[in-house]
1. So for the pair residue B:183, residue A:53, with labels modelled 7 Å out along Cα→Cβ, what separation do we get in nm?
2. How well do other chains shield peptide A:81-91, expressed as the mean number of their Cβ atoms within 10 Å of each residue Cβ?
3. Using alpha-carbon pairs under 8 Å, 6+ residues apart, how would you state the relative contact order of segment B:38-310 in percent?
4. Please find the FRET efficiency linking residue B:79 to residue A:100, where r is the Cβ-Cβ separation and R0 is fixed at 51 Å, and quote it to the nearest 0.05.
5. Within the accessible area of the protein assembly as shown, what % is carbon and sulfur when the probe is 1.4 Å and the other protein chains stay in place?
6. Would you grab the residues whose amide H sits under 5 Å from the one on residue B:183? Only those 5+ places off in sequence or on another chain, please, with H modelled 1.01 Å from N.
7. Using the beta-carbon distance between residue A:66 and residue A:46 and R0 = 22 Å, what value does 1/(1 + (r/R0)^6) give for FRET efficiency, to the nearest 0.05?
8. Convert 25 °C to kelvin, take the viscosity as 0.890 mPa s, use the Kirkwood radius over C-alpha pairs of the protein assembly as shown as Rh, and evaluate the Stokes-Einstein diffusion coefficient in µm²/s, rounded to a whole number.
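The values are calculated or read from the model by the stated rules, or taken from the named source; none is laboratory data. Remember, predicted model here, so these are calculated numbers, not experimental data. In this analysis, Cβ positions are derived from the backbone assuming ideal geometry, glycine residues included, and neighbour counts consider all displayed protein chains. Each accessible area value is taken on the protein alone, full model and side chains, heavy atoms only, with ligands, DNA and RNA left out. Shrake-Rupley method; radii C 1.70, N 1.55, O 1.52, S 1.80 Å.
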Amino acid sequence: MNRTPEADFRQALLNPELSAPAGLWAWNGSDPTTRFDVYRNNVIVSLIEALESTFSVVQRLVGEQFFRAMAREYLREHMPNHPVLARFGDSFPGFIAEFEPASSLPYLADTARLEWARVQAYHAMDAGPLSAETLQVALSEPERLPQLRISLHPSAHLLRSQYAAVSLWAAHQDLIPLSQVDPWQPEQALILRPQLEVEVIPLDRATAAFTACLIDGLTLGAAVDETLNTHSDFDLNAALALLLQRQALHVLSY
Amino acid sequence: MKTQPNLVPTRLATPAGETAAHHNLKAPSRFNTLPVSAGIGLKPEHYQALLDQLPEIGFLEVHAENYMVAGGPYHHYLSRLHEHYALSIHGVGLSIGGDAPLDEHHLSRLVTLLDRHPPERFSEHLAWSSHSGEFFNDLLPLPYTEERLKIVCEHVDQVQTRLKRQILLENPATYVQFAASSIPETEFLSAVVERTGCGLLLDVNNVYVSCINHGLNSRDYISALPCNRVGEIHLAGFSRDTDAAGAPLLIDSHGAPVADAVWNLYAYALELTGPVATLIERDNNIPPLPILVGEALRAQNLLLSRVDAAIEEPML
Ligand SMILES: [Fe+2]
């Protein structure tokens, strides 16, 4: 009588080909497997639906049937490890990237990364933006400028894709016509929630590279050097103006 | 100060109400802090409509786990709505019914949430949902044994100690029974209430669903519970299926209006519990706000008729 049913349940819940765990019965003597299927269905369907609500554009790109089959495969190895479903699915984009049947849609994983970033930005810590005055004061001290560190808003996530993940996402929000999207065009975007709405802000490659340096915690001097190394056309003033105006900057430190 | 819509009949607060010695009326008020009125589940699609319209409902209920996030619109709207309505926080992830120790991290998240939005009530389920680090996102059944009863009581004690408050424990909707069970569910729940001092969240739909599913009489089920310890009632809709023998198998879907049979059972339950905070629970196929408010109003009317009846009954 030391054996508890939880372990048996787990096996049977996640493997629809198994019959109900031993030790279950129904008052009318009917096969408990049909009844146990209610739990099986609740678990699998509710978790697939949680993924569908986070990754709705991915779902529309592959269709409901394909998505459900892919999500079911994912669940075999990646059941949530805590009850906060807003944080369930962090490894789904990586799973999609490796998922053989989806390999003909190489932009799918980055589209999933964008959707994941949007949900994380939505629930991120609230914070006020950096004021233009504060930035102005810092920029007026050229000797200290290379040591300046600019941190991004807590909701900020950067997406750098070899594909047009941003446009694909936008087309599924009816922001642009899908026919105009060239999936093979590399795109970058900053995902941000300055107030209550999540914004997807397209960035050019140089600004995205610079933003990545800021996210990595580099000083302004190091960030500019690094960005200029790969993007000789980088315009620091324009980049800072854009990030400031979109309220992507958070605090300054030295 | 909260500016809750004043749906509680003023008579309840008058000396006449105070002296009504009917035990069903008096007992719940000792530990029930939700207003004796009808409430609805709070859904993000209704945030703005609720703030704009401030409909006359008594309280809002949220699932704790949905609000275990750092910031953003969920907290923003919950804070603003809590200025207008009493709040019930309903946990679905503690796994109180499981044999494994409670997840300390999850308890901490809960403490943080209850500090941020101090609710008028916290409730959880007689069920389990996590095992060996995996979360199943469903309320799974447990065997009703002496051994498990001891564990569940320890869990409830632990939660009440951590949250520094009495909690309500909800009766489950179940589809299977365990051969190992030696205690009827009602007796199991009564024992937990007795030993831990927790209250009951009586889900009338769950009673109806479980009793159909297990060939039991739902009125007998309710009258076997310590009804004076009911701090909240849930009403919800179910869907219909059949088991392997063709017998009806009802599924607690939270995706349909409350069924007539459940309304009838609710009226019966109110006779035993007295007027008590009642939630219209809807998590799927969520209708426009006025539909939910309409269902809450129907519950409210039944509640008020019990208030009248309780006051009119002669003093014992
Ligand atoms: Fe319920």
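1. Simple spin-label model gives 3.4 nm for this pair.
2. Details: counts 5, 11, 18, 11, 8, 8, 2, 2, 0, 0, 0.
Average neighbour count from other chains, rounded to a whole number: 6.
3. On the way: 495 pairs, mean separation 46.9, N = 273.
Reported as a whole number, the value is 17 percent.
4. Details: r = 46 Å, r/R0 = 0.91.
It comes to 0.65.
5. On the way: 12330 of 24060 Å².
Carbon-and-sulfur percentage of accessible area, whole number: 51.
6. B:144
7. Working: r = 19 Å, r/R0 = 0.89.
For residue A:66 and residue A:46, the calculated efficiency is 0.65.
8. Values: Rh = 26.2 Å.
This corresponds to a translational diffusion coefficient of 94 µm²/s.
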